[in-house]
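Note sheet for the following structure.
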């Protein structure tokens, strides 16, 4: 998107000195346009996410939602399972905290499509602007991920303070944490892109689809129980999912030395195929990058196809009353 | 106005209605003391610019909004307390509506609403099918609402409005956003329905002059929450034009327009530029302002006496926008002059002498400022723009907001 | 058009007053027809937009399976798998209540349909009931699939001694849930923009304190509080006690009969409250002009 800085001597639009159409405007400014579109969309997304009329309600929402998710599992393993160790609680709390990222990342892009199409009726205007539609969506999604990050951090803080989970800032493997977080967030956004592609095509009642998808992924991501508990075909899906490697990588990074992991272990297909009890940290990073790259590629292709189909069928400016 | 009785109540009876919205930074007075009576069987128009209060009044009458003060009754039913009864006999259609369930077909959408109005299942389907035929949406019967064009959607909304055969039909800018063909189609439906069932009442709000002029039996001009004038279109136009204005095309005129100006009954006469490009048929165009139509005979005789031939004779009339401008001092599209924000237009204010933008300075006549003289022009073409408004040099007052007029007058 | 209009007008009452004077039977019939009419778009949507089969049934089944595997991982008693399967089935109804009921009037206002509803002669409660019934059909499909498939796949064994009471409790739970949905619909209409956020707030926190995935009695005081306030908690607890009558169900919660009574009270209170709130809020909305203002 080309923009003109408000130069003092710039000829006024419509006056004879303006000179008419400037072909240079059609060329765009490459990376600068992408940056601008992304930052504007992020700002817009944040304003929409944080646009609560009651800040107290926002706070309750940010705190209650993620903590409740974690508490459900803590009760399940602690109260019903007959008690648990700090390490086991840490395993579960970290998994549910990280799922805030997944949930918000998946929902972020998909709900942006639905919001703009159904509520604000702005989708077509965003689409026909010179900014890349995908970049704008990514920017909007990032804002929601930020909200998810707040929830994750609060959950971890509560876990450390009240549940005694073994996380200590001094023990964190920061390089590994940074590496897996970057790779993981890219993957989450890619999954969100896939959902957004679906929502571009669907009409009625698609608001619950991101949550449904996240709920299904939750089963095979090792978030709250080891994958070895699942039947072999489901385990395979888990090992092919980048989210499993991501969660495991974050656990290794923030709770090094804790023996409980979601990948590997007795009865797992990892142990049977690879012959070792569990993957090493470098293996986790490599697997995350590999599976993440595949998912991201698939998401980009899928989104382009969906975009094309939506244009072909005139879905971009319809409102479905949902 | 006939006297209303309990047995024959007025269709609409609004007395002293005010509506104030509590908004920041200061409250908005949307309606400021409205008094309005509409007889049963009338097609009554509310004409005014955006923000005048038309939609607010309709929302009060359709029970969607309460008045802050005053009373309003529709066929004797109080809009505040007898909503249930009232909703059984009325319906409404607004322009620019996007309502509807996109997943349903036109037929299904209408049937759903037929159920809301108490029609039996089978009766509902039957009426829906008949209405779809009557409205001309046969091809769209099984088409999803989300795929309709704007015009088709509005026809569907219109059909929805007729489902319960309402005694009073509220139309809030029904042609808003429609193209010429679709708008004409909707207007024809209104006229046709009204003609078929003369006992039914329609209240139509619009800011399209031509629409109000064409459809309405009586019109109220509204601005800033007040009714400035009420009357038939002809009565309203007569407010601003007491003289008769004619445009004559002559083959020649000895002595110029001054000779005509001295004739009895002639207020002013002036020559205008001949706009025709036909060089072989050069004409002298004269704009005449007469005290009344009867004076025309004398002019024609005088012209005959000097051997001039009248090639064309047209009478000009002011438009409703001229009426509005007279009442308010600005056109629908004009911004309010600075400092006028707190003023409330007074219906009895009388004529203004402000010159309006868009004047055709070539046609300079001695008419009274405010009269909508349009040489050769038929005003009722549906345009909202102000038309050229000639004024005599000694009477006109240039509108400082119009640069174009300044240039033309110099 | 003219011929149609004349024919219809000829068949109607002779004056506006006569047309407006409906009998109670006529008014009731209109409300009943409204229920059917408003349920219609939801049922139609189910048939036309089939992606819900994947997203509303298969995926939620997988989500329920997560909790099953958690219990297996911690070697919980086998009846807990049954508890969580029942909870997964009831989740469908709760989500329907908060997404398709609570926020619905606000959505309708955004779409421009709300003012058409209020300008029509039927009771808006009938519109809400129609929405509820339409949504119930979808939710029931989801709940049934989760229940049946999970029972078969995970080998859940039900032990029901009082089928009638179980059916009654199930019906009362739905009535109370949807009654609560109607109350929320009125509240959300006035809270406007916050409706969407509040809907999300009613998910995980309610899952936790309603015991969707574990018997609420294990939460002690919080459980007791939930039972006194949330139809979902009461109904689910009663259904679990009845569906697994011979299992070692945790003590500490009222008997199913008492919980059934609590549900009756909740239903009556919520329906009465919903009716009062709708009327009050319509009056407030008409006074403040909120029926047709978007983004509020």
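Laboratory data are not the source of any read-out in this text; all were calculated from the coordinates shown. Since we're looking at a predicted model, the values are computed, not measured. Here the Cβ is made from the backbone with ideal geometry for all residues, glycine too, and neighbour counts use every protein chain on show.
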Helix A:55-74: angle to the longest alpha-carbon principal axis of chain A, degrees 0 to 90, nearest 10? 30
Shielding of B:159-168 by partner chains, average beta-carbon count, 10 Å: 4
Any idea how far apart residue C:248 and residue A:182 come out in nm if each label point goes 7 Å out from Cα toward Cβ? 5.2
Among C:185, C:76, C:39, which one moves the most in a GNM of chain C with springs linking Cα atoms closer than 10 Å? C:76
With each label point set 7 Å from Cα along the Cα-Cβ vector, what nm distance links residue B:254 and residue A:309? 8.7
How much length would be gained if the chain were fully extended between residue A:293 and residue A:29, taking 0.36 nm per residue of separation minus their Cα-Cα distance, in nm to one decimal? 92.3 nm
What is the mean number of Cβ atoms from other protein chains located within 10 Å of the Cβ atom of each residue in peptide C:30-37, rounded to a whole number? 5
Rg(Cα) / (2.2 N^0.38 Å) computed for the protein assembly as shown, rounded to two decimals: 1.17
Percent relative contact order for region A:91-236, counting Cα pairs under 8 Å at least six residues apart, stands at 43
Using only Cα atoms and rounding to the nearest 10 degrees, what angle (0 to 90) does helix A:281-313 make with the longest principal axis of chain A? 40
How much FRET efficiency would the formula 1/(1 + (r/R0)^6) give for residue B:261 and residue B:232, where r is the Cβ-Cβ distance and R0 is 30 Å, rounded to 0.05? 0.40
Long-range alpha-carbon pairs in region A:55-139, meaning those over 16 Å apart, account in percent for 66
Which stretch or stretches of region B:59-80 have amide N atoms under 20 Å from the point lying 7 Å from residue B:28's Cα along the Cα→Cβ direction? B:59-69
Quick one: in region B:1-113, what % of C-alpha pairs are over 25 Å apart? 32
Return the calculated 222 nm mean residue ellipticity for chain C, to the nearest 500 deg cm²/dmol, obtained by summing -39500 (n - 2.57) across DSSP H runs with n ≥ 4 and dividing by the residue count. -24000 deg cm²/dmol
Let me have the relative contact order for chain A, percent, based on Cα pairs under 8 Å that are six or more residues apart. 22
In bins 10 Å wide, starting from 0, what share of all Cα pairs of region A:183-322 does each bin hold, as a percent? 12, 36, 28, 16, 8, 1
Would you compute, from DSSP H runs of 4+ residues alone, the mean residue ellipticity of chain A at 222 nm, taking -39500 (n - 2.57) per run and dividing by the full residue count, rounded to the nearest 500? -21000 deg cm²/dmol
Taking chain C as a Gaussian network, where each spring joins two C-alpha atoms under 10 Å apart, which residue of C:104, C:26, C:203 fluctuates the most? C:26
Taking Cα atoms, how many degrees apart are the long axis of helix A:31-49 and the longest axis of chain A, rounded to 10 and kept between 0 and 90? 70
Using Cα-only point scatterers and the Debye equation, what is log10 of I(q)/I(0) for chain A at each q in 0.11, 0.13 Å⁻¹, rounded to two decimals? -0.76, -1.00
Please find, in a Gaussian network model of chain C (springs between Cα atoms separated by less than 10 Å), the residue of C:20, C:167, C:260 whose mean-square fluctuation is greatest. C:20
Percent of Cα-Cα pairs more than 27 Å apart in chain C, please. 47
At q = 0.15, 0.16, 0.17 Å⁻¹, what log₁₀ I(q)/I(0) does a Debye calculation on the Cα points of region B:17-61 give, no solvent, two decimals? -0.44, -0.49, -0.55
Could you tell me how far the Cα centroid of region B:174-200 sits from the Cα centroid of region B:39-91, in Å? 20
Would you order C:283, A:251 from fewest to most other beta-carbon atoms within 10 Å of each residue's own beta-carbon? C:283, A:251
Counting other beta carbons within 10 Å of each Cβ, put B:153, B:226, A:86 in order, fewest first. A:86, B:226, B:153
Could you work out how far the C-alpha centroid of region A:54-124 sits from that of region C:21-47, in angstrom? 39
Between residue A:56 and residue A:273, how many nm apart are label points set 7 Å from Cα along the C-beta direction? 5.3
May I ask you to derive the FRET efficiency for residue A:169 and residue C:229 from their Cβ-Cβ distance with R0 = 41 Å, giving the value to the nearest 0.05? 0.55
Relative contact order (%) - region B:1-132, alpha-carbon pairs under 8 angstrom, separation at least six: 22
Per-residue mean of other chain beta-carbon atoms within 10 angstrom of the beta-carbon, peptide A:209-215? 6
Once each part is reduced to its C-alpha centroid, what is the distance from region C:169-234 to region A:245-322 in angstrom? 34
Could you calculate the FRET efficiency of residue A:157 with residue C:164 from 1/(1 + (r/R0)^6), where r is the beta carbon distance between them and R0 is 60 Å, rounded to 0.05? 0.75
